[in-house]
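The values are calculated or read from the model by the stated rules, or taken from the named source; none is laboratory data. No experiment lies behind these values; they were computed from the predicted model shown. In this analysis, Cβ positions are derived from the backbone assuming ideal geometry, glycine residues included, and neighbour counts consider all displayed protein chains. SASA here: full protein model, heavy atoms, side chains in, ligands and nucleic acids out. Shrake-Rupley method; radii C 1.70, N 1.55, O 1.52, S 1.80 Å.
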Amino acid sequence: MTDIRSADPAVAATPAPGAGPESGRAGRGAGLRAGAGAALPAVGLLIALAVWWLTARLELIHPAALPPPGEVLTAFVDKPAQMLGHTWDTMLEILYGFALSVAAGVLIGLSLAGSRTVERMFTPLLVAVNAVPKITLGPLLVVAFGWGQTPILTMVFLLCFFPIVLSTATGLTTTPADLAELVRSWNASRWQAFRKVRFPAALPQIFVGLKVAMPLAAIGAVIGEFQAGESGLGFVITQYAGVGDTATAWAAIMLVALVSILLYSALLLTERMALPWVRETTSSR
């Protein structure tokens, strides 16, 4: 019978690729880094709470303006259903206004990128609209649309659309030269070039605008609720701050921040799922 074992003990003892101690240490190191990365936001939150508590404890800011974190938590616990109901109203306004801004912003950006005449005609107007302090438009929006969601959504739209327009137009007009040359070599039509190359290449830049616009949507919703709201966290802030209950007002402010973090994180997740090649080709993080 033929002996199929290796005659060379050194060859037989050679470890398989990736099976050595270095590989094990690398795997453990990656796991530790992932765990540390997941814990960092919690550490940052604890530091912020500690600074807040110390500031309130030493009364560096008057307690009427900045109550301690414990009082803010108590204010939320005392009325959780009411606070969560207003949070839901604000979240819906942010999402609706943001969706309108995305639809209009991308279309306007496409128009600016597709025609130099349109770009020269309307870019100064867009810059002027963006330069107007939006809070000054609040009373006028109430006069124009009355109370309710319409002026609030308009405020969200006015704050959000410009970054989306700018990022879309920039992404579509900065297609990499090698990709543009590849499209020309294929003799592709304008629609094929847009669908296969220009728009996919612009998506990372478009998502930059979306990530800038998402926190602005929360700001716009709260400003709109200050002026025209009948519910929502902005309405809560004005109502309770007006009667001196700053703890409840700060609880509403913290909920606005939490909603913004959750929606921004959801947008980041959407970007990673929609553009998996970006992280692979542009960064090792």
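Mind checking which residues of region 170-206 are among the small types (Gly, Ala, Ser), farther than 18 Å from residue 118 by Cβ and surrounded by 17 or more Cβ atoms within 10 Å (Cβ to Cβ)?
Correct list: 193 only.
List the residue pairs whose Cβ atoms are under 9 Å apart, where the first residue sits in region 110-123 and is without any contact (Cβ under 8 Å) to a residue 60 or more places away in the chain and closer than 26 Å to residue 200 by Cβ, the second is small (Gly, Ala, Ser) and open to solvent by less than 50 Å² (accessible area, probe 1.4 Å), and the two are 6 or more positions apart or on different chains.
Partner pairs satisfying both residue conditions: 111/169; 112/169; 119/113; 119/169; 123/169.
Going through 54, 32, 95 one at a time, which residue ends up being modelled with pLDDT of 90 or more and either over 15 Å from residue 254 (Cβ atoms) or open to solvent by 80 Å² or more (accessible area, probe 1.4 Å) (or both)?
95
Identify, from the list 246, 175, 170, 154, the residue that is among the polar types (S, T, N, Q) and out of contact with any helix residue (DSSP H, G or I) (no Cβ under 6 Å at 6 or more places or on another chain).
Checking each option against the conditions leaves just 246.
Taking region 218-252 on its own, how many of its residues are assigned to a helix (DSSP H, G or I), within 23 Å of residue 157 (Cβ to Cβ) and either open to solvent by 50 Å² or more (accessible area, probe 1.4 Å) or aromatic (Phe, Trp, Tyr) (or both)?
5
Of all residues in region 124-147, which are open to solvent by 70 Å² or more (accessible area, probe 1.4 Å) and not in a helix (DSSP H, G or I)?
133, 147
Inside region 48-74, can you point out the residues that are aliphatic (A, V, I, L, M) and within 21 Å of residue 261 (Cα to Cα)?
48, 49, 50, 51, 72, 73
Applying the selection to region 64-99, what residues are closer than 21 Å to residue 214 by Cα and β-branched (Val, Ile, Thr)?
Selection gives 87, 90, 94.
Which one of these is among the hydroxyl-bearing types (Ser, Thr, Tyr) and either more than 28 Å from residue 127 (Cβ to Cβ) or in a helix (DSSP H, G or I) (or both): 175, 150?
Of the residues listed, the single one that is among the hydroxyl-bearing types (Ser, Thr, Tyr) and either more than 28 Å from residue 127 (Cβ to Cβ) or in a helix (DSSP H, G or I) (or both) is 150.
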